[in-house]
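See below for the structure under consideration.
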Amino acid sequence: MKILVVVPAYNEEQALADTIHELTSSCPDIDYLIVNDGSTDRTGDICDELHLCHVDLPINCGLASGVRTGMKYAMRNGYDAVVQFDADGQHVPSYIPEMARKMEETGCDIVLGSRYLAGGKAMGMRNMGSRIIAGLIRAATRTTVTDPTCGLRMYGPKMIETFAKGFDIEPEPDTLALLIRNGATICEIPITVRERQGGESYLKPLRAARYMLRSVSSIVLFLWFR
């Protein structure tokens, strides 16, 4: 299986170098692409200085555009799977081969990492929001997704094309519900997630609340009009 790890990065100068070093050390046979999403710190300089494989977006376009950029690259270069991977060091790269095995064994379209299957959970209000979203996805699709907000995900060939060509497809929980209703199959593996290894999360409390509200509202409307 030819795998591309897509690493969206916005102002991740503190953790990016170590994240990529761990990724390439743990998975030397897997390719990666950093999508520098219009960073205003030294993220771009670090990519250049260390000769990291990357593309630079001229302005900050957001996570969806960063992932879509990676999906387009993967589709044009014949990759079989894409892994969405955080630049801040929270994700553990040694899970990637396990995700690949799960995808090959089951033939599923998406493999999600799940903190809950490993006995963990999201922190604070995010835990409550994740539980609510999981319940709504189950109501909308009859499919159990235990950790819909975890960002460590592997997408198969059909999903690569869907994300690369879809202008309104985002790597968000409500999109999972839409994809499942359209026939996508999803599996999960247990994982642990570390604390951010540097920098600051863009999901401040108010923004996190808005994120959860948007996801919940989208799935509720999806249920209402299905």
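Please treat every number below as a calculation from the coordinates, not as lab data. In this text, all values refer to a predicted model and were calculated from it rather than measured experimentally. A quick note on method: Cβ atoms are made from the backbone with ideal geometry, for glycine too, and the neighbour counts reach across all protein chains shown.
Mind telling me which of D37, D48, D109 comes out most flexible in a GNM of the chain, alpha-carbon contacts under 10 Å? With Cα springs under 10 Å in the chain, the top fluctuation among D37, D48, D109 is at D48.
Ratio of Rg to Rh for segment 5-102, alpha carbon only, Kirkwood?
My calculation of the ratio gives 0.94.
Note on the chain: antiparallel DSSP beta bridges, both residues inside, total approximately 25 percent of the bridges counted. Listed values for segment 166-172 are Karplus-derived 3J(HN,Hα) couplings in whole Hz (6.51 cos²θ - 1.76 cosθ + 1.60, θ = phi - 60°), namely x, 6, 10, 9, 10, x, 10, and x replaces Gly and Pro.
Between the amide H of R115 and those of I191, distances stay under 5 Å, these residues lying 5 or more places away or on another chain, with hydrogens modeled in the peptide plane.
Taking amide H positions as modeled 1.01 Å from N, with prolines and chain starts lacking one, no residue 5 or more places away or on another chain lies under 5 Å from C108. Over the chain, the hull volume per residue, using the convex hull of the C-alpha atoms, is 118 Å³. Residues whose amide H comes within less than 5 Å of that of Y32, counting only those at least five positions distant or on another chain, are V5 (H built at 1.01 Å from N in the peptide plane). Entry note, the chain: relative contact order of 25 percent, from Cα contacts under 8 Å with a spacing of 6+ residues. Cβ crowding within 10 Å, taken as a proxy for footprinting-reagent exposure, orders H51, H91, H21 from fewest neighbours to most as H51, H21, H91. Each of the peptides 4-11, 92-99 was scored by the mean count of other Cβ atoms within 10 Å over its residues; in descending order, highest first, they stand as 4-11, 92-99. Taking a sphere under 12 Å around the Cβ of K158 and counting the other residues whose Cβ falls inside, with K and R at +1 and D and E at -1, yields a net charge of -2. Rounded to whole numbers, the Karplus 3J(HN,Hα) couplings from phi for segment 148-155 are x, 9, 5, x, 8, 9, 10, 10 Hz, using 6.51 cos²θ - 1.76 cosθ + 1.60 with θ = phi - 60°, and x at Gly and Pro.
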